[in-house]
Amino acid sequence: MWNFVFCLILGFIGGILGGMGMGGGTLLIPLLTIFLSFSQHLAQAVNLVSFIPMAIIALILHIKNKLVKTSGILYIIIPSLLASILSSLLSNSLDGDFLKHSFAIFLIILSVIQFFSNNIIRAINKRKIKLKK
Amino acid sequence: MQLKKKCLLIGVGLITGFINGLFGGGGGMIVVPLLTILLSLEEKEAHATSIAIILPTTFLSAVIQIISKNYDFSVGLPVAIGVASGGILGSFLLKKTKDKTLVKIFAFVMLLAGVKMLIF
């Protein structure tokens, strides 16, 4: 029973973090592996499934608010589906600890990019303005 | 549409789908900046559009993981309920706190999480 409660609580925390815009479920996975000793494969699978109900609701709202830009979106979605089949199978074939460490490195790289995101965006915008001139 | 743009979009899709499937997530963190930079979408539009992109690929990956028996419903269900509830609160909080420092705090938390997962 406590297991159920802890899962609820950690899901809740992960959901808040995701809801505030930070990487969706990306922080849920470390929460599950660090505090509940989930295996990396299980944490990833749980993260994937957990994302779906919330995403459906959010998407409906976003579409209503006309925030979703669909021009060319199939050029993104279809390749992403194909790539994800490959990488999902790859992920399954990898050792759990290796996958966990790879994910950790991914998080670290992302965090460094995030740190400099403002500077990066500013630099790109400057370049865009230059190009327009 | 120009061929160059089509290739860019396909590239975005391949990277996003690959990462999302490999790590069971994280595709959103990749695709949002790419949409902002390559398609010049505003931040809100990029976030909204990213969900439209990530949802199908996540669904597909989820199905593969369930079939592969990597998913456990007895823990997955409470986590999903928690995530859904937390997500509602989180988006509500987001409206109240639009802050650039938030990005840095989250980046730091991500860094800590990554280091912890790497070392321990």
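The values are calculated or read from the model by the stated rules, or taken from the named source; none is laboratory data. On a predicted model such as this, the values are computed, not experimentally measured, just so you know. Glycine gets a Cβ as well: all are built from the backbone with ideal geometry, and neighbour counts include every protein chain shown. Areas reflect the complete protein model, heavy atoms only, side chains present, ligands, DNA and RNA absent. Shrake-Rupley method; radii C 1.70, N 1.55, O 1.52, S 1.80 Å.
Comparison of B:K116, B:K104, B:K69, B:K100 shows that the only residue that is more than 7 Å from chain A (Cβ to nearest Cβ) and open to solvent by 20 Å² or more (accessible area, probe 1.4 Å) is B:K69. Looking only at residues in segment B:65-120 that are aromatic (F, W, Y) and over 17 Å from the mean Cα position of the chain (by Cα), which one is nearest to A:S39 (Cα to Cα)? Only one residue tops the list, namely B:Y71.
Is it the case, given these coordinates, that B:D99 is within 30 Å of A:M1 (Cα to Cα) and acidic (D, E)? No, not satisfied.
Scanning segment B:35-55 for residues that are in a loop (DSSP other than H, G, I, E, B) and of a type in the set (S, T, N, Q) gives a single hit, B:S40. Taken over segment A:77-131, the criterion of being aliphatic (A, V, I, L, M), open to solvent by less than 80 Å² (accessible area, probe 1.4 Å) and at pLDDT 90 or above is satisfied by A:I77, A:L81, A:A83, A:I85, A:L90, A:L94, A:L99, A:A104, A:L107, A:I108, A:L110, A:V112.
Scanning segment B:10-34 for residues that are without any contact (Cβ under 8 Å) to a residue 24 or more places away in the chain, open to solvent by less than 30 Å² (accessible area, probe 1.4 Å) and either among the aromatic types (F, W, Y) or part of a helix (DSSP H, G or I) (or both) yields B:G11, B:I19, B:L22, B:F23, B:M29, B:V31, B:V32. Every condition in (1) of a type outside the set (K, R); (2) under 24 Å from A:K126 (Cβ atoms); (3) touching a Ser or Thr at 6+ places or on another chain (Cβ under 9 Å); (4) surrounded by fewer than 19 Cβ atoms within 10 Å (Cβ to Cβ) holds for B:P56 except the one numbered (2).
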